[in-house]
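J.: Below is one structure. I have some questions about it.
The values are calculated or read from the model by the stated rules, or taken from the named source; none is laboratory data. Keep in mind it's a predicted model, so treat the numbers as computed, not measured. Here the Cβ positions follow ideal geometry from the backbone for every residue, glycine too, while neighbour counts run over all protein chains shown.
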Amino acid sequence: MKNSELLKKLNKLFDKKKINEETLLSELNYDSLKILEVLSFADKNFPKLNLEAQKLYDCKKVKDLIKLFNIDR
């Protein structure tokens, strides 16, 4: 999956029309429920990725999330 594809999927996940890598997660209602949704999304779309919830809690911007997915730019 490419960076642009992941951004589109994150747009859908966060119910936003347009987010970019610099968007603050605090502006997207990024809370414990949203983190569970991201974990579910990761399990479904990246089955070999072992994503830890604590790493998701540490993310501040969308680009921090993207880094965790280790995708092609």
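J.: Name every residue in region 1-11 that is in a helix (DSSP H, G or I) and over 15 Å from Y30 (Cβ atoms), in order of residue number. Walk me through it before giving the result.
T.: Looking only at region 1-11, we keep the residues that are in a helix (DSSP H, G or I), and these are 3-11.
Selection gives N3, S4, E5, L6, L7, K8, K9.
J.: Which residue out of N11, N3 is touching a residue at least 24 places away in the same chain (Cβ under 8 Å), polar (S, T, N, Q) and surrounded by 13 or more Cβ atoms within 10 Å (Cβ to Cβ)?
T.: Details: N11 fails: touching a residue at least 24 places away in the same chain (Cβ under 8 Å).
One residue alone meets the criteria, N3.
J.: Quick one: count up the residues across region 50-67 that are free of Cβ contacts under 8 Å to residues at least 60 places away in the same chain and under 14 Å from K9 (Cβ atoms).
T.: Quick first cut of region 50-67, residues free of Cβ contacts under 8 Å to residues at least 60 places away in the same chain only: 50-65, 67.
When the remaining residues are screened for being under 14 Å from K9 (Cβ atoms), the result is 62, 65.
So the answer is 2.
J.: Take the residues in region 22-73 that are surrounded by 14 or more Cβ atoms within 10 Å (Cβ to Cβ) and in a loop (DSSP other than H, G, I, E, B); name whichever of them is modelled with the lowest pLDDT.
T.: I71
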